[in-house]
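Report on one structure; see the data block that follows.
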Amino acid sequence: MVDAFKINGGKKLKGILEVGGSKNAALPIFVATIIEKGTYILKNVPDLMDIATLSKLLESLGLKVEKIDLNTYKIINNGLSTLVASYDLVKKMRASFLVMGAMLANSNKAIVSLPGGCAIGARPVDLHLKGFEKLGVNLSIEHGYVHGEAKELKGGTFVFDFPSVGATENIIMAAVKAKGITILENAAREPEVEDLCNFLNSMGAKIKGVGSSRLEITGVEKLIPGEYSIIPDRIVAGTFIIAAIMFDGDIKVKGVIEEHSQSFLSKLEEMGVKYKIESGIFSVITKLSDLKSIKITTMPHPGFPTDLQSPIMTLMCLINGNGEIKETIFENRFMHVPELNRMGAKIKIDNHMASIEGVKNFSAAEVMASDLRAGASLILAGLKSEGETIVNRIYHVDRGYEGLVDKLKKIGADIERIKTQA
Ligand code: EPZ
């Protein structure tokens, strides 16, 4: 049996949705506590399955992870008990592969299971490995594990073929204590990469160019652990803003950081959305019926984020006219489309391009989440549709949307977690 959400949609929703800490900033920052011995206090950590999974992996490496309260963790690193990150933990969450860079920084050695692919794509790690080699790491792949070892990590220059978020984060963590200077060109610029750099610099790392695609990292002898508060989750914020637009502004969103969401917000403006942000509360002034369809292409930051592609597609299904979304980051990130079409949407796919013809509303149906953001897009459609929608395999959504059922109930949604056959 697995969890599903049962939604009795078509209700009037009204109230404030609060944005929690960023999953994709918290994960690399948790991993970075491997680099240096000491005690860390991490705040505004989202209460999510992925954080629990990573906590188990850190403990398997010998760290102590204590949950002080719902969103605060204390991590004690008294040294690693092993340099092997095993398949059974890495397979649960591919971001676990980020431990490779931190373990190399800690001990010049790491044996980490290759992460599998996932529903949205093959998710190779070739750029991570090429970057490690530039820092003097000797690599070999044996029986599904990457073995990395270096006499000492030396600064080097590395140009990313593609601004990979994970590869950028992995190499940054390997480089912060390497001998000499590391230059990264065409590095990922996502706010979550920036947050990792700010966390490391708060511990005495020397990373210049934070937030730009050119990073200059001067290796230091030692980092000094301390406290840090994670940035809000811009993808959860975007998902909640889409709900606000779908419900004609009766929903407001708390915790929106405009500068993290520029491309998303400018696309909303292109649709005709009028909004205001007052003391951190985002509210929409326009009605859904006022909006017009547009074209969107997902790009690395600061372009339109791929993680908001499926949620904004749900919105675009309800806008008069014909919209288009091109997915350029992942090879298979349209699996929510057949599910939305089962709910009455009119979406056609041609390779990486989705063409969307606006409809009046969705019709409630039983559907299946295929990944975290696809699940969110189906929940949004279910909240809007008259009648009962069941969204299966909701464990995907539990990985990235903290306390979603409670937050939606608080604004009037009729939603509950049920058990269904897998
Ligand atoms: C991060 O994944 C996020 N995950 C993803 O969020 C997000 O969709 C993605 O960045 C893009 O923004 C976390 O931060 C934990 P990439 P990551 O490396 O690091 C190819 C969510 O919903 N690539 O930037 O894996 C890769 O195949 C998740 O929260 C290589 O070819 O993304 C993909 O097509 C989903 N070789 C593209 O780059 C490599 O060595 C982007 O991948 C690495 C990546």
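The values are calculated or read from the model by the stated rules, or taken from the named source; none is laboratory data. In this text the structure is predicted, and so the values were computed from the model without any measurement. Ideal geometry is used to build each Cβ from the backbone, glycine not excepted, and the neighbour counts take in all protein chains shown.
Checked against the criterion of being among the charged types (D, E, K, R), touching a residue at least 60 places away in the same chain (Cβ under 8 Å) and either within 12 Å of the ligand (Cβ to nearest atom) or under 26 Å from Ile329 (Cβ atoms) (or both), segment 150-169 contains one or more residues that satisfy it.
Step by step: first the residues of segment 95-126, then only those that are within 19 Å of Ser55 (Cα to Cα) and β-branched (Val, Ile, Thr), then the one that is surrounded by the fewest Cβ atoms within 10 Å (Cβ to Cβ). Which residue is that? Top of the filtered list is Ile111.
A quick yes/no check of all residues on (1) at pLDDT 95 or above; (2) surrounded by fewer than 19 Cβ atoms within 10 Å (Cβ to Cβ); (3) of a type in the set (Gly, Ala, Ser):
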| site | (1), (2), (3) |
| --- | --- |
| Ile277 | no, yes, no |
| Lys295 | yes, yes, no |
| Met299 | yes, yes, no |
| Phe334 | yes, no, no |
| Asn341 | yes, yes, no |
| Ile349 | yes, yes, no |
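Of the strands (runs of 3 or more DSSP E) lying entirely inside segment 225-326, those containing at least 2 residues that are in contact (Cβ under 8 Å) with a residue 60 or more places away in the chain span 227-229, 251-254.
For segment 92-112: of the residues being among the charged types (D, E, K, R) and more than 8 Å from the ligand (Cβ to nearest atom), which is farthest from the chain's Cα centre (by Cα)? Even if it seems obvious, please write down each step before you answer.
As a first pass, look at segment 92-112 and keep what is among the charged types (D, E, K, R): 92, 94, 109.
Filter once more, so that each one left must be more than 8 Å from the ligand (Cβ to nearest atom): 92, 109.
Numbers: Lys92: 15, Lys109: 28 Å.
Filtering first and then ranking leaves Lys109.
You will find that of Lys346, Lys267, Lys276, the residue that is touching a Gly at 6+ places or on another chain (Cβ under 9 Å) and under 24 Å from Lys384 (Cα atoms) is Lys346 and no other. Candidates are the residues of segment 292-331 that are more than 15 Å from the chain's Cα centre (by Cα) and of a type in the set (Val, Ile, Thr); the one that is farthest from Ile242 (Cα to Cα) is Thr328. Tallying residues that are under 23 Å from Ala25 (Cβ atoms), touching a Lys or Arg at 6+ places or on another chain (Cβ under 9 Å) and either among the aliphatic types (A, V, I, L, M) or surrounded by 22 or more Cβ atoms within 10 Å (Cβ to Cβ) (or both) within segment 80-94 yields 2. Looking at Pro115, is it in contact with a Ser or Thr (Cβ under 9 Å, 6 or more places away or on another chain) and either among the β-branched types (Val, Ile, Thr) or within 13 Å of the ligand (Cβ to nearest atom) (or both)? Here the answer is yes, as Pro115 does meet what is asked. Take the residues in segment 118-144 that are more than 16 Å from the ligand (Cβ to nearest atom) and touching a Leu at 6+ places or on another chain (Cβ under 7 Å), then tell me which one is farthest from Glu221 (Cα to Cα). Going through the qualifying residues, I end up with Gly144.
Name every residue in segment 327-351 that is in contact (Cβ under 8 Å) with a residue 60 or more places away in the chain and either on the phi > 0 side of the Ramachandran plot or of a type in the set (D, E, K, R) (or both), in order of residue number. Steps first, answer last, please.
Applying the first criterion (in contact (Cβ under 8 Å) with a residue 60 or more places away in the chain) to segment 327-351 yields 330-333, 335.
Those that are in contact (Cβ under 8 Å) with a residue 60 or more places away in the chain and either on the phi > 0 side of the Ramachandran plot or of a type in the set (D, E, K, R) (or both): Glu331, Arg333.
Filtering segment 5-43 to residues that are within 15 Å of the chain's Cα centre (by Cα) and closer than 30 Å to Gly382 by Cβ leaves Val19, Gly20, Gly21, Ser22, Lys23, Asn24, Ala25, Ala26, Leu27.
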